[in-house]
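K.L.:
Questions regarding the structure given below will be posed in turn.
Taken together, the values in this text are just the output of simple stated rules run on the coordinates, not laboratory data. Just so you know, these numbers come straight off a predicted model, no measurement behind them. Note: ideal-geometry Cβ built from the backbone for every residue, glycine included; neighbour counts use all protein chains shown.
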Amino acid sequence: MKALVHVDREDLTAMNIALSNIENLLAAAPGAEVAVVANGNAVIFFTQHAPSHVKERLTALAARGVKFYICNNSLRTHGIDHGELLPFAEVVPAGIVKILELQSSDYLYVKP
């Protein structure tokens, strides 16, 4: 099972729901492959400035193999330097392109 979780809003409630969805999926289907694509305002959650509880959950999920792809266009729009990102965040040129690539590779789209 492959899941693509798309986050694009600076909405702490939506982000927590997304993280809970991922945690629940991994608990129910331990072999699942999970990729998160962040674009728009959601890119702020993947910086050193994110709330500590979000950073802790993201770090724990990264340790479990979840991949995090961050849109470079959104980083540029928000004036975020790559050095501000959490160490496991992988910058991609355009979030929309990564979403389409993952969907082409049989990832099922989830939007909390």
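K.L.:
Could you order peptides 62-68, 47-53 by the average number of other Cβ atoms within 10 Å of their residues, highest first?
P.N.:
Ranked from most to least packed, the peptides come out as 62-68, 47-53.
K.L.:
So what's the net charge close to residue 47: Lys and Arg +1, Asp and Glu -1, counting the other residues with Cβ under 11 Å from its Cβ?
P.N.:
Every neighbour counted, the sum reads -1.
K.L.:
Turning to a different aspect of this structure: Cβ under 14 Å from residue 56's Cβ, residue 56 left aside: what net charge do those residues give with Lys, Arg +1 and Asp, Glu -1?
P.N.:
+2
K.L.:
About its Cα centre, what dipole magnitude does the chain give when the only charges are +1 on Lys and Arg Cβ and -1 on Asp and Glu Cβ, stated in debye to the nearest 20?
P.N.:
The dipole of the chain has a size of about 100 debye.
K.L.:
Another question, then. Please grab the % of Cα pairs in the chain that end up more than 16 Å from each other.
P.N.:
Summing the P(r) of the chain above 16 Å gives 54 percent of all pairs.
K.L.:
Further, regarding this structure: For residue 98, which lysines qualify as cross-link partners when the Cα separation must be under 20 Å and same-chain residues fewer than eight apart are set aside?
P.N.:
List returned: 2, 67, 111.
K.L.:
Give me a comma-separated list of calculated 3J(HN,Hα) values for region 105-112, in order, Karplus coefficients 6.51, -1.76, 1.60 applied at θ = phi - 60°, integers in Hz, x for any Gly or Pro.
P.N.:
These are the phi-based 3J(HN,Hα) values: 9, 6, 7, 8, 7, 10, 10, x Hz.
K.L.:
Right, next: Give the long-range amide H neighbours of residue 92: residues separated by 5 or more places, or on another chain, with amide H under 5 Å away, using H modelled in the peptide plane at 1.01 Å from N.
P.N.:
Under 5 Å from the amide H of residue 92 lie the amide H atoms of 70, 71, 72, each far enough along the sequence or on another chain.
K.L.:
Report D for region 1-59 in µm² per second (integer): Stokes-Einstein, Kirkwood Rh on Cα pairs, 25 °C, 0.890 mPa s.
P.N.:
My calculation gives 208 µm²/s for D.
K.L.:
From the phi angles alone, apply the Karplus equation (6.51, -1.76, 1.60; θ = phi - 60°) to region 71-76 and give each ³J(HN,Hα) in whole Hz, x where the residue is Gly or Pro.
P.N.:
6, 5, 4, 5, 4, 4
K.L.:
Please find, in a Gaussian network model of the chain (springs between Cα atoms separated by less than 10 Å), the residue of 21, 72, 39 whose mean-square fluctuation is greatest.
P.N.:
In this elastic network of the chain, the residue with the biggest mean-square fluctuation among 21, 72, 39 is 21.
K.L.:
Name the long-range amide H neighbours of residue 36: under 5 Å, sequence gap of 5 or more, or other chain; modelled H, no Pro or chain starts.
P.N.:
Excluding prolines and chain starts, which carry no amide H, the hits are 5, 67, 68, 69.
K.L.:
How charged is the neighbourhood of residue 90? Take every other residue with its Cβ under 10 Å from the Cβ of residue 90, and add Lys/Arg as +1 and Asp/Glu as -1.
P.N.:
Taking every Cβ under 10 Å from that of residue 90, the sum is +2.
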